[in-house]
Structure formats: C-alpha cells, structure tokens
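Trainee: Have a look at this one.
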C-alpha cells in the first residue's frame, strides 16, 4: 500500500536537511530519503570555517550532524534508502525507494546534490582534506601565504586560481592542453595576475606529501608532460582540483528540465518545470556550490512547498 505524504525530500546535505526544517515547521510532516551519502559532500570536508554559527570552525561531519539533528528535532522523518523510480506525470507524485516502498507525495523537493570530479589518483584520495580540495572558497583560507596548484582549464579553474592568488604567495595553474576553455575575460585576468604561473601541457601524476600518524600534509606535485612524457615536480602546500562537478540527476533525465551541464534548471530557484516539484542545493547550482547557499535554497524550497500546498490543496 503506498504511503501518502505531503512532502518528500530526496537527498540530504545542507539543502535537504534545511528543507526538512522548514517543511516540518510548516506542518508538512516531511519524509527525507538520505541517499547514498547522508550529509552530502560536506561529510568529506576536514574543516569548515565559513559556515555561520561556528566561530571557531567545525568539521564538515560535525556541521552535518548538527543540521540532521535539528531537522529531526523539528519533526523531519529521516529514512535511509535510495529513490529508484519516480513518476511526476501527475499529482500526487509517485516515488519508489529501494525498489520496494512506494510514496505518494503532494510535493517533492529534490536535493540530490553534485559530486566533484576527481583526478582518480591514489595519492589524491590519501591527502583529500589534508591539502587536497575541490573548493578554493571553502579551503583557500588555510593556505594564506603558501604555494598551491590548481588543476583545470575552464572558467571554474581560472576563477579558483584568481581567488587563491589574493591569498597565496604563488599559484600554479596546471592544464593538460596549450589553451584554456575559459571565457576570454576570465583568461585576461589570469594572464595579468603576476603570482599565477601557468603550466601548459601537463597533468598530475602523483600528489607528494608526508604523514606522521594521523597527520598528513601535501609537499609537492609530480607532473607529466602530455607531449613528451617527461616529468617534473613542483613544491606546493595544497592542490585544488577544478575539473568540474557531476550533478546527481540521472533519475530525473527526461522528467525535469536540465541545463546542458546536467543540472536541474530552476527559473527562478527553487521552481522546476513541474508544478509542485522543487530543487535545492548543488543539484541546481553550478555557480556558488557553497554549504550556506545550499542551505538557503533548501529554505526557499521548503517555503515554496508550503505555499504551493496552501494555494493548491
């Protein structure tokens, strides 16, 4: 027998848990399905200093644990599982979890997030959170006055490099080709920034570092020349991987309108092309990708879901 609910939230993380807080307080009795990575990308972030309310900083898992507990305290019914099938052709919407439990929901909030593209190096995994990052805005503060490398050649990589150049002594911008994909205006800024050194035609081969007990630190980056295979090492303190993100939207292809990059199109946020279905967090945000903006969009989605039900029953 299907379980009929007012609001189903698909995905956790700052957007999902915040949507749970707001829809709970609006008496929607939401059910939140946490998905494959409860808490989202922040659970693999070692230390966070830019999330409001933590004056001395906090670990990513610590922040997500607090948000989760707050959602539960407000009344969100959080359940483990994966949404494996959806039917948004008509309201109420049908969603099946783990191929066996069916929900019939009057509104749905999609907060499945996005995952960073990684290089795929074993050493990258080893030093992730200890000098290897995918977010300059999140972690650049820890590298003030130090030398870092940014990997990538698109707008995001160049914008990350420019941001880090204001904090770091030197920024190596490593790109596998001899020309950037980024827009001309962004490229001009990079070429005019004196402490950015561009390393053309190279790809990372290994991230170098040290480890003493549980303490790890990056000390360098081994690069391979894409033209002749030669190798060189540069001494750095941090590596920022900026080769793109992958929105978790496979479930919604052909159902919700997506951008060319695969993100859910919201015009404006948090509205999708289907009335009663809302999107929040990184699944619809290619520009900012911050925990606080994800939480804010979760708030917006929760408010709009409540308004929708008040207006449409």
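Trainee: Considering every residue within the stretch 158-165, establish whether at least one is surrounded by fewer than 16 Cβ atoms within 10 Å (Cβ to Cβ), over 19 Å from residue 286 (Cα atoms) and at pLDDT 95 or above. Give the steps one after another, and end with the answer.
Mentor: Let us first name the residues in the stretch 158-165 that are surrounded by fewer than 16 Cβ atoms within 10 Å (Cβ to Cβ), namely none.
Checked against the condition, which is being surrounded by fewer than 16 Cβ atoms within 10 Å (Cβ to Cβ), over 19 Å from residue 286 (Cα atoms) and at pLDDT 95 or above, the stretch 158-165 yields no hits at all.
Trainee: While we're looking at this one, here's another question. Looking only at the stretch 191-230, count every residue that is touching a helix residue (DSSP H, G or I) at 6+ places or on another chain (Cβ under 6 Å) and not in a strand (DSSP E or B) and tell me the total.
Mentor: Here is the first cut: in the stretch 191-230, the ones touching a helix residue (DSSP H, G or I) at 6+ places or on another chain (Cβ under 6 Å) are 193, 195-196, 206-207.
Filter once more, so that each one left must be not in a strand (DSSP E or B): 193, 195.
Total meeting the criteria: 2.
Trainee: Among the candidates 303, 264, which residue alone is more than 19 Å from residue 40 (Cβ to Cβ), crowded, with 16+ Cβ neighbours inside 10 Å, touching a helix residue (DSSP H, G or I) at 6+ places or on another chain (Cβ under 7 Å) and in contact (Cβ under 8 Å) with a residue 40 or more places away in the chain?
Mentor: The conditions single out 303.
Yes or no, residue by residue, for (1) assigned to a strand (DSSP E or B); (2) more than 17 Å from residue 49 (Cβ to Cβ); (3) in the same structural domain as residue 302 (by TED's automatic domain parsing):
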residue: 90; (1), (2), (3): no, yes, yes
residue: 94; (1), (2), (3): yes, yes, yes
residue: 106; (1), (2), (3): yes, yes, yes
residue: 125; (1), (2), (3): no, yes, no
residue: 130; (1), (2), (3): no, no, no
residue: 137; (1), (2), (3): no, no, no
residue: 145; (1), (2), (3): no, no, no
residue: 149; (1), (2), (3): yes, yes, no
residue: 159; (1), (2), (3): no, yes, no
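Trainee: Kindly establish whether residue 110 is buried (at least 22 other Cβ atoms within 10 Å of the Cβ), touching a strand residue (DSSP E or B) at 6+ places or on another chain (Cβ under 8 Å) and within 21 Å of residue 215 (Cβ to Cβ). Break it down into steps so the answer makes sense when it comes.
Mentor: Working: buried (at least 22 other Cβ atoms within 10 Å of the Cβ): yes; touching a strand residue (DSSP E or B) at 6+ places or on another chain (Cβ under 8 Å): yes; within 21 Å of residue 215 (Cβ to Cβ): no.
Judged against the criteria, residue 110 is not a match.
Trainee: For the stretch 73-102, give me each residue that is closer than 21 Å to residue 25 by Cα and either in contact (Cβ under 8 Å) with a residue 60 or more places away in the chain or in contact with a helix residue (DSSP H, G or I) (Cβ under 8 Å, 6 or more places away or on another chain) (or both). I'd like the intermediate steps shown before the answer.
Mentor: First, pick out the residues of the stretch 73-102 that are closer than 21 Å to residue 25 by Cα: 73-79.
Across the stretch 73-102, the qualifying residues are 74, 75, 76, 78.
Trainee: Here is a further query. Quick test for you: out of 120, 81, 153, 62, pick the one residue that is under 24 Å from the mean Cα position of the chain (by Cα) and part of a helix (DSSP H, G or I). Before the answer, list the steps.
Mentor: Values: 120 fails: part of a helix (DSSP H, G or I); 81 fails: part of a helix (DSSP H, G or I); 153 fails: part of a helix (DSSP H, G or I).
From the options 120, 81, 153, 62, the qualifying one is 62.
The values are calculated or read from the model by the stated rules, or taken from the named source; none is laboratory data. This one's a predicted model, so the numbers in the text were calculated from it and none came from an experiment. Using ideal geometry, Cβ is built from the backbone for each residue, glycine included, and neighbour counts are taken over all protein chains shown.
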